[in-house]
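*Asks:* Below you'll find the structure I mean.
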Amino acid sequence: LLSWGYAAALDERVSAGCLILPERIIGSNGEIHRVNPEWHRRLYRTLERKHPLRTDTLAESDAIVKTSAQKRALAKRTQAAATDMESAAQARLAKEHGLPFMALRAVVDTLSTDIPQNILNALDTAGNVNLWKLFTTGHSLPADWIKIARLGIQFNAARRALKGTRDLVLDSSCF
């Protein structure tokens, strides 16, 4: 089972578009989940020369980590370099079913990036940004537009990183 997607940086040395290939994931309850070591070695060897890559710990968050202050607090509590909301749950599922587990996450928002309130207001129940809602409520928080543009640039860096690894990850993930 591969947890594949996006993460938020908790370390100032982690930039947008950097790939996180964690050796372990800390659940929000403190439980440690380890990835499959052989799969991790294969992916690391495949990706290390082609993409910025870190193997630091990934921490689970129960909610969107919206501000730099929240990110710093989570980093202090967990010593993790990045956070997401899905990987620990997928690790638990893999363990329950006796499946090998791996996570690969591309960083979208850096430690200093606060998530604009307009984005948060425009999220639907599935966690996707409703563009109509974003653009029709944008007048209420005009200062957020600079933050939204910055976040868009960071998202594109993360999206390109994941897209550029897709075939490499699939080829290295056969057991």
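The values are calculated or read from the model by the stated rules, or taken from the named source; none is laboratory data. Remember, predicted model here, so these are calculated numbers, not experimental data. For neighbour counting, all protein chains shown are included, and Cβ atoms are generated from backbone atoms with ideal geometry for every residue, glycine included. Calculation scope for accessible area: heavy atoms of the full protein, side chains included, ligands and nucleic acids excluded. Shrake-Rupley method; radii C 1.70, N 1.55, O 1.52, S 1.80 Å.
*Asks:* If Ala59 passes every condition in (1) closer than 17 Å to Leu151 by Cα; (2) part of a strand (DSSP E or B) but one, which one does it miss?
*Replies:* For Ala59, the exception is condition (1).
*Asks:* Restricting to the stretch 143-168, what's the tally of residues that are touching a residue at least 24 places away in the same chain (Cβ under 8 Å), over 15 Å from Ala8 (Cβ atoms) and of a type in the set (S, T, N, Q)?
*Replies:* Within the stretch 143-168, residues that are touching a residue at least 24 places away in the same chain (Cβ under 8 Å), over 15 Å from Ala8 (Cβ atoms) and of a type in the set (S, T, N, Q) number 1.
*Asks:* Please go through the stretch 97-129 and pick out each residue that is part of a loop (DSSP other than H, G, I, E, B), open to solvent by 60 Å² or more (accessible area, probe 1.4 Å) and either more than 15 Å from Thr67 (Cα to Cα) or touching a Leu at 6+ places or on another chain (Cβ under 9 Å) (or both). Working first, answer last.
*Replies:* At the first step, the residues of the stretch 97-129 found to be part of a loop (DSSP other than H, G, I, E, B) are 97-101, 110-116, 122, 124-128.
Next, from what is left, pick out any that are open to solvent by 60 Å² or more (accessible area, probe 1.4 Å): 97-99, 112, 124-126, 128.
Answer for the stretch 97-129, where residues must be part of a loop (DSSP other than H, G, I, E, B), open to solvent by 60 Å² or more (accessible area, probe 1.4 Å) and either more than 15 Å from Thr67 (Cα to Cα) or touching a Leu at 6+ places or on another chain (Cβ under 9 Å) (or both): His97, Gly98, Leu99, Asp124, Thr125, Ala126, Asn128.
*Asks:* Answer with yes or no whether Thr78 is within 22 Å of Tyr44 (Cβ to Cβ) and surrounded by 14 or more Cβ atoms within 10 Å (Cβ to Cβ).
*Replies:* Values: within 22 Å of Tyr44 (Cβ to Cβ): yes; surrounded by 14 or more Cβ atoms within 10 Å (Cβ to Cβ): yes.
Considered against the rule, which asks whether it is within 22 Å of Tyr44 (Cβ to Cβ) and surrounded by 14 or more Cβ atoms within 10 Å (Cβ to Cβ), Thr78 comes out as yes.
*Asks:* I've got another one for you. As an exercise: evaluate Ala157 against (1) part of a helix (DSSP H, G or I); (2) modelled with pLDDT under 80; (3) within 21 Å of Ile64 (Cα to Cα) and give the number of the one condition it does not meet.
*Replies:* Here Ala157 meets the rest and fails (2).
*Asks:* Among the numbered criteria (1) among the β-branched types (Val, Ile, Thr); (2) farther than 25 Å from Thr165 by Cα; (3) without any contact (Cβ under 8 Å) to a residue 60 or more places away in the chain, which single criterion is violated by Thr55?
*Replies:* Answer for Thr55: the failing condition is (2).
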